[in-house]
Amino acid sequence: MTTSTSSTSSLRGFFRLFTVVSALGTGLALAAVVQGAVDGPRWLLMLALPVTALALTAYGKAAEDMKSGIAAPGLRSGGPRAFAPAVVNGVKAVNKENGRPVADGQAVKSVFAFDLTVVTDELPPYRIEVRHPLDLQGLLHRSRAVVEYDPEQPWRVVIPNNPPREWLARANSLVPPTAEVKRRAGGVPAGFRALASGVVIAAVLLVLVWVLG
């Protein structure tokens, strides 16, 4: 248990460090773009533009994943996670490349798309689609499921193959929510804090350059 806890803490520390480094890199790139465009040198602008474009593309992809209604693949290593019961709204076989329905769920390029309403203790019920090549928990013939999700990034949802018994019992007794169900998970998009921090860092750097320069 001690080794597992230590490993998890190390992973969380790594991701915090990664966020800080991403924020610094983004801030430097944004500041370089503005400085290069306004006062030069032009090589600074040409060097910073592709870096900034790459960073913004990554942040945009993370935000798109959050809003897509399809669960992100896997949970974050070392990130927070919790179990929750879910209502199975439907299961269908889809092409894993384009998401179109297919007739044969056993085909090589097909996966099962589990349409779930996740009911957590902390968040409003939300609807999300989880894709997997196997019929986990026998959900083709069940109306309730147990999921594992990331409380900080609730669009990260997986269906564990062997969930704890107490959560299976809770799922079996779950009453479908009567309130409005959100069509997508909430939460702050992955990378948002790094992007926001990067903008602040860029602003501070530019002010320092213009004041001291």
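Scanning region 53-101 for residues that are among the polar types (S, T, N, Q) and at pLDDT below 80, we see that the one that is farthest from the chain's Cα centre (by Cα) is THR57. For region 163-201, the candidate set comprises residues that are in contact with a Ser or Thr (Cβ under 9 Å, 6 or more places away or on another chain) and under 30 Å from ALA32 (Cβ atoms); within that set, the residue that is modelled with the lowest pLDDT is GLY191.
Just the residues that are free of Cβ contacts under 8 Å to residues at least 40 places away in the same chain and outside any strand (DSSP E or B), please, taken from region 123-151. Of everything in region 123-151, those that are free of Cβ contacts under 8 Å to residues at least 40 places away in the same chain and outside any strand (DSSP E or B) turn out to be PRO133, LEU134, LEU136, GLN137, GLY138, HIS141. Taking region 131-167 as the range and being of a type in the set (A, V, I, L, M) and open to solvent by 10 Å² or more (accessible area, probe 1.4 Å) as the test, the residues that pass are LEU134, LEU136, LEU140, VAL158, ILE159.
The values are calculated or read from the model by the stated rules, or taken from the named source; none is laboratory data. Note that this is a predicted model, so its numbers are computed, not measured. Neighbour counts are summed over all protein chains in view; Cβ atoms, including those assigned to glycine, are modelled from backbone coordinates with ideal geometry. For accessibility, only protein heavy atoms count, side chains too; no ligands or nucleic acids. Shrake-Rupley method; radii C 1.70, N 1.55, O 1.52, S 1.80 Å.
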